[in-house]
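Structure first, then comments.
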Amino acid sequence: MHLSKRWTKFAVTGALAVTFSLTAASALYAGETTASNLNVRSSPNGTVIGTLPYGSKVAVISNSTEWYQIGYDGQTAYVSGTYVNWIPDCEFDLGTGVIQCSTTVNFRSLPNTSSQVLASLTNGQKVDVIGIAQGWYKVEVDGAKGFVSADYLSLSGGQQADKSTVTGSTTVTTSDAATGIRQQIIDFAAQFLGTPYLYGGSSPETGFDCSGFTSYVYKNVVCEIARTSSQQRATTKNITMEELLPGDLVFFGSGDTVSHVGIYVGNGQFIHSPHTGSVVKYDSLDTGSYNTRFICGGRVLND
């Protein structure tokens, strides 16, 4: 069954998107995305702040038009409902939920009001949400698995993030003092999440290679910069990883030879166009090959 022309609120964690429905007394339904790299937007037709890969699980909360409203790492976002299909109740990681009630709510063994009460959960208590069944959230509390009515649990009541997205298995927040022109760089770059890599590419119509992406972003937000990654390093102020600010360039390679470049977005993350077969996405500087291959940052802005 496919729902169209209605609003839906979601929550997204890791590689998964999750939704819930406030229609029919907050009846909860599972869904699945049917587009590759489905854009997540700040508002209907607004700025792209992330993408969801094909087959992401979603938990549908409310529906009214073709745009589905979603809870996205503690904030509100939107996706097109054209690309979400209903699926049977299932288990998948929805992240942390927060109990919202006047005093307490029952934590039950089965998704119905006649099943055994395992415990009483208090207002504001945080729980791990691990699935959806018959319109209820499946949660885990102190090692025990059970169910809480969708009327008394919120996935958007946790820590707020200025902006985040999910690409593959990476959750990204961009909240490190990104203001003014630096925020504009990050926002402009995020519009191209999901754009395919193309060797020699330097436009969203055909695709980007790594330096084609960084030069295109800077040309349209700040000023023209050199076209290749090595030239970009040579013509910018080189800085350490600790000195990075959102909007700075980040250079990677072997020894002192630069072979790759991206744009730092904050919180140890950067956006880039990695390689053939991939797309513009976020990755981490904190661990893995990008951490070991990091050479230096490059500062264009004199602030």
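The values are calculated or read from the model by the stated rules, or taken from the named source; none is laboratory data. Since we're looking at a predicted model, the values are computed, not measured. Heads up, the Cβs are rebuilt from the backbone with ideal geometry, glycines too, and the neighbour counts pull from every protein chain shown. The accessibility values were calculated without ligands, DNA or RNA, using every heavy atom of the protein model including side chains. Shrake-Rupley method; radii C 1.70, N 1.55, O 1.52, S 1.80 Å.
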- Task: For the range 212-222, indicate whether the set of residues that are of a type in the set (A, V, I, L, M, F, W, C), within 27 Å of Thr51 (Cα to Cα) and more than 24 Å from the chain's Cα centre (by Cα) is non-empty.
- Result: yes
- Query: Taking into account only those residues within the range 275-303 that are open to solvent by less than 30 Å² (accessible area, probe 1.4 Å) and in contact with a Lys or Arg (Cβ under 9 Å, 6 or more places away or on another chain), which is farthest from Cys210 (Cα to Cα)?
  - Reply: Leu301
- Of the residues that make up the range 234-247, is at least one under 23 Å from Arg293 (Cα atoms), open to solvent by 20 Å² or more (accessible area, probe 1.4 Å) and within 22 Å of the chain's Cα centre (by Cα)? yes
- Counted residues in the range 199-215 being surrounded by fewer than 17 Cβ atoms within 10 Å (Cβ to Cβ) and either in contact (Cβ under 8 Å) with a residue 40 or more places away in the chain or part of a loop (DSSP other than H, G, I, E, B) (or both) come to 5
- Task: Looking only at the range 232-245, decide whether some residue is within 19 Å of Asp187 (Cα to Cα) and in contact (Cβ under 8 Å) with a residue 40 or more places away in the chain.
- Result: yes
- Message: Filter the range 102-129 down to the residues that are assigned to a strand (DSSP E or B), modelled with pLDDT of 85 or more, open to solvent by less than 70 Å² (accessible area, probe 1.4 Å) and not small (Gly, Ala, Ser) and list them by number.
- Response: Val105, Asn106, Phe107, Arg108, Val117, Leu121, Thr122, Val127
- How many of the residues in the range 248-264 are open to solvent by less than 60 Å² (accessible area, probe 1.4 Å) and hydroxyl-bearing (Ser, Thr, Tyr)? 1
- So which of Val60, Val79 is of a type in the set (A, V, I, L, M), at pLDDT 65 or above, within 20 Å of Lys281 (Cα to Cα) and under 19 Å from the mean Cα position of the chain (by Cα)? Val79
- Message: On the basis of being out of contact with any helix residue (DSSP H, G or I) (no Cβ under 7 Å at 6 or more places or on another chain) and open to solvent by 40 Å² or more (accessible area, probe 1.4 Å), does Leu193 make the cut?
- Response: no
- Which residue, of Ala144, Ala226, is at pLDDT 95 or above, among the aliphatic types (A, V, I, L, M) and open to solvent by 20 Å² or more (accessible area, probe 1.4 Å)? Ala226
- Being at pLDDT 80 or above and under 11 Å from the mean Cα position of the chain (by Cα) narrows it down to one of Leu193, Leu153, so name that one. Leu193
- Matching residues in the range 216-232 - criterion: being touching a strand residue (DSSP E or B) at 6+ places or on another chain (Cβ under 7 Å) and either assigned to a loop (DSSP other than H, G, I, E, B) or farther than 19 Å from Gln269 by Cα (or both): Tyr216, Ser230, Gln232
- Total residues in the range 265-274, condition open to solvent by 10 Å² or more (accessible area, probe 1.4 Å) and in a strand (DSSP E or B): 1
